[in-house]
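Derivation of every value follows stated rules applied to the coordinates shown; laboratory data play no part. Here the structure is a predicted model, which is why all the values come from computation and not from measurement. Cβ: placed from backbone, ideal geometry, glycine included. Neighbour counts: every protein chain shown.
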Amino acid sequence: METMKYEVNREIPVTAETDVLVIGGGPGGIGAAVMAARQGVKTMLAERFGCPGGMAVFGEVTPFMPSHVKNRALDRPVYVDWCRRMQAYRSDDVRRKFPFDEEQAGGMICKDEAMLAMEDLLLESGVTPLYHHTLTDVIMKDGWIDAAVFHSKSGLSAIRAKIFIDSTGDGDLAVLAGCPFEFGNADGFCQPMTTCFKLSGVDRSRMPDRAGINELYDKAKAAGEIRCPRENVLWFLTPEEDVIHFNTTRIIKLSGVRGDELSQAEIEGRRQIRQFLSFLKKHVPGFEQARIHSIALHVGIRESRRIRGLVYQTADDFRRAAKFPDGIAKVRYCIDIHNPSGTGTTILDLPPDEWYEIRYGALVPLNSRNLLMGCRAISVDHELHSSSRVMPPVCSVGQAAGMAASLCVKKDCEPAALDGAEVRKHLAEAGAWL
Ligand SMILES: Cc1cc2nc3c(=O)[nH]c(=O)nc-3n(C[C@H](O)[C@H](O)[C@H](O)COP(=O)(O)OP(=O)(O)OC[C@H]3O[C@@H](n4cnc5c(N)ncnc54)[C@H](O)[C@@H]3O)c2cc1C
């Protein structure tokens, strides 16, 4: 590729200074920011879009996958608080039908309720949100991140912090700061992307079962009416009687951290949606009067970079249901690999009521002094990532990063100097189930 010299060498305003700066407002970012702020340290959260939510909101990923042991949600306190807070925005009717059960927290959510509830938690805990700020660079000093540089409508600006938390999902901050990372599987491909969408006006009483819909899908594929590598139609019921959620487009072999490929992925996702819409209305009973309810504003990215940390965890920890003295989050979601290069999905479950733990060192990037990972891009292999990436455990990983950041600020130390077992102890005192 041709390159050209482009130098940005000018004074930019330092618009804020804080103890902890969380970059990215997805499930990981909210866990990080809320937990740090609850410990009494000054916390800001910068987000490129105009609201918090990450994939749950702009990716329209609205099923919270269960991560329960003995019917009790593992991810607390922030994740359960988030789910509880969403109830305030539900209609009486939905609340009656699906009463909030703290032990079961999760299931199908509404993205707008999730977004409002997230912002409630941020504001109530004293976090200062800063929307419409995209991280573009870092200013390093002696191996430390001195400031993060953002682009917004007012141009470039810098924010200083003692501890930075990368909650971008993609490890943008860690990569800018020079930390090593892995990408995808052995062939260099990540899990496929998916543009989620919802249809309303569906008559559920006439819908075929899953096998029936898949049979019709196979026929439409054979007839050339749909071109999608996914093996079946993945759909979910929602609290609204006539609305069905689809997580079924599959976009393969494109990178979620390359601008040009992301753009192609958006076009491909919507191309598939047009075909699904036509197929469902034409061939599937109950969908004759269906119409588009919503389409994700951003293609869903399951996997991109995984930042290498002091500890590197593999799927072997899943298979052994491994527990550690420095475990900071319990996970029981399955290994769930959507084929990065075509058809098929690999699922591997843990035995009933078993879980494995994410270790603190998986959140501390190599070659860093004041950085923690508080999102899905932690130091795990491709296989383990397929389990740890879902929203409840990511929120718990984030809250662990937030707790660790607050301890670093109070003790004036680097994340690498913290004892993971101590982070675990503090998390348990703050309400984590550890
Ligand atoms: C199609 C699909 C289906 C899924 N299905 C499920 C499911 O059913 N259940 C489940 O629990 N999980 C599911 N997941 C996984 C889950 O949604 C993600 O793994 C999870 O949202 C990751 O959270 P995160 O906070 O790490 O990242 P994200 O949710 O991606 O949030 C990252 C945030 O950082 C912001 N950001 C990124 N870069 C920058 C930057 N440079 N500057 C400023 N801000 C930035 C983004 O705008 C975003 O708000 C699915 C994911 C996908 C894509």
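In table form, for the structure just shown:
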item: Proxy reagent accessibility, fewest Cβ within 10 Å first, across 55, 373; result: 55, 373
item: Peptides 233-242, 158-167 ordered by average Cβ neighbours within 10 Å, highest first; result: 158-167, 233-242
item: Packing rank of 310-320, 136-146, where each peptide gets the mean count of other beta carbons within 10 Å, highest leading; result: 310-320, 136-146
item: Alpha-carbon centroids, the stretch 64-92 and the stretch 268-340: separation in whole Å; result: 19
item: Rough spin-label spacing in nm, given labels placed 7 Å along Cα→Cβ, for residue 183 and residue 297; result: 2.7
item: Highest to lowest packing among 174-182, 12-20, scored as the average C-beta count within 10 Å; result: 174-182, 12-20
item: Residue-by-residue Karplus 3J(HN,Hα) for the stretch 59-75, coefficients 6.51, -1.76, 1.60, Hz, glycine and proline x; result: x, 6, 8, 9, x, 7, 5, x, 9, 10, 10, 6, 6, 10, 4, 6, 8
item: For residue 313, residues with placed amide H under 5 Å, excluding near neighbours; result: 380, 381
item: FRET efficiency estimate (nearest 0.05) - Cβ-Cβ, residue 140 to residue 72, R0 51 angstrom; result: 0.70
item: Under the span-like rule (Cα at least 27 Å along the axis, Kyte-Doolittle mean at least 0.5), DSSP H helices of the chain; result: 391-411
item: For the chain, share of DSSP beta bridges that run antiparallel, in % to the nearest 5; result: 70
item: Convex hull of the stretch 197-295 built on C-alpha atoms - directionally averaged projected area, nm²; result: 6.4
item: Distant-in-sequence amide H partners of residue 69 (H built 1.01 Å from N, under 5 Å); result: 74
item: Three-way shape label, the stretch 1-82, alpha-carbon gyration tensor, a/c 1.5; result: oblate
item: Residues whose placed amide H lies under 5 Å from that of residue 138, excluding near-sequence neighbours; result: 149
item: Alpha-carbon centroids, the stretch 213-239 and the stretch 162-177: separation in whole Å; result: 37
item: Note, ³J(HN,Hα) from phi for the stretch 309-320, Karplus 6.51, -1.76, 1.60, rounded to Hz, x at Gly and Pro; result: x, 4, 10, 10, 9, 10, 5, 4, 5, 5, 4, 8
item: Computed [θ] at 222 nm, helices only, for the chain once each DSSP H run of length n ≥ 4 contributes -39500 (n - 2.57); result: -9000 deg cm²/dmol
item: The stretch 275-434, relative contact order [Cα under 8 Å, separation at least 6], %; result: 27
item: Net length gained if the chain between residue 278 and residue 91 were fully extended (0.36 nm per residue, minus Cα distance); result: 64.2 nm
item: Choice from 21, 371, 121 showing the highest fluctuation, given a GNM over the chain with Cα pairs closer than 10 Å; result: 121
item: Per-residue ³J(HN,Hα) for the stretch 155-160, Karplus 6.51 cos²θ - 1.76 cosθ + 1.60, θ = phi - 60°, Hz, x for Gly and Pro; result: x, 8, 8, 10, 10, 9
